[in-house]
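Report on the following structure.
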Amino acid sequence: MPTLILVRHGQSQWNLENRFTGWWDVDVTEKGVAEARAAGQLLKEKGVLPTRAFTSVQKRAIKTLHLALEECDRLWIPETKDWRLNERHYGGLTGLNKAETAEKHGEEQVKIWRRSFDVPPPPLEADSEFDLAGDARYAGIDVPNTESLKLTIERVIPYWQEEILPELAKGETVIISAHGNSLRALVKHLSNIPDDEITGLEIPTGQPIVYEFDAELNPGEYYYLKDA
Ligand SMILES: O=C(O)[C@@H](CO)OP(=O)(O)O
């Protein structure tokens, strides 16, 4: 039975510091490492062993994938990294503290920037220290300067359909190690969640979520592997 495992990266340094992160390539903390290892141990314990892996080009997701795969002795499986699984781009908010930004602009405005479906944060200035246009990993890619969830969906779902779904069609057990909003995009698509409801879905770090697909590749209800 084709199976999909979604894992949000373990705690990052900027999760810990409560800073808007987006495309900035922040590392995992010690706690994040432990969360990633625990995710892999759970996969092993439950016998849900990935045969194919996808991740973003951001080290918090890549490291989480590798730590989890190491724990379940699956470091050998084929893996693909792609920017389309990156976190949504946080624009001009990148690097700012979330609580300080709420004090400055108000809770309501910050909630809109964080959780509205189609309102992107203010764009990143071209001369910002957080501009990644010159980063080697994005050569040939039109790096966005901000993204809403809607814009994130517009890159995640075509990638899902073109690259990941064909692997599931072969019967693979696919693991995707990614980010709060790229995974929110996928869950919205797979579970048919309306625009105004998806913003309430919070995906915890390092907790494997599982979808089982039927022969026609229709996904069932997702569940947290720890509850299975
Ligand atoms: O900072 C970010 O990039 C994301 C994920 O941590 O934050 P938010 O919860 O606001 O989507």
Stokes-Einstein, Kirkwood over Cα pairs, the chain, 20 °C, 1.002 mPa s; D in µm²/s equals 120
Rounded to 10°, Cα long-axis angle of helix 149-159 versus longest principal axis of the chain: 40
Going by alpha carbons, how many degrees (0 to 90, nearest 10) lie between the helix axis of 180-190 and the longest principal axis of the chain? 50
Distance in Å, no decimals, from the C-alpha centre of region 1-25 to the one of region 176-207 is 12
Unit charges at the beta carbon, dipole of the chain: most positive-side option, Ala136, Gln41, His105: Gln41
With n ≥ 4 as the cut-off for DSSP H runs, can you work out [θ] at 222 nm for the chain, using -39500 (n - 2.57) per run divided by the number of residues, rounded to the nearest 500? -10000 deg cm²/dmol
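Report for the chain the percent antiparallel among DSSP-assigned beta bridges with both residues inside it, nearest 5. Let's see the in-between values first.
Values: 9 of 22 bridges.
Taking every DSSP beta bridge within the chain, about 40 percent pair in antiparallel fashion.
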With the cut-off at 29 Å, tell me which of the pairs Lys31/Lys226; Lys111/Lys170; Lys46/Lys188 have Cα atoms farther apart than that. Lys111/Lys170
Checked against the positive end of the charge dipole of the chain (+1 on Cβ of Lys and Arg, -1 on Cβ of Asp and Glu, about the Cα centre), the farthest of Thr205, Ser191, Gln58 is Thr205
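Read the figures in this text as sums done on the coordinates, not as results from a lab. Since this is a predicted model, take the numbers as computed values, not measurements. Note: ideal-geometry Cβ built from the backbone for every residue, glycine included; neighbour counts use all protein chains shown.
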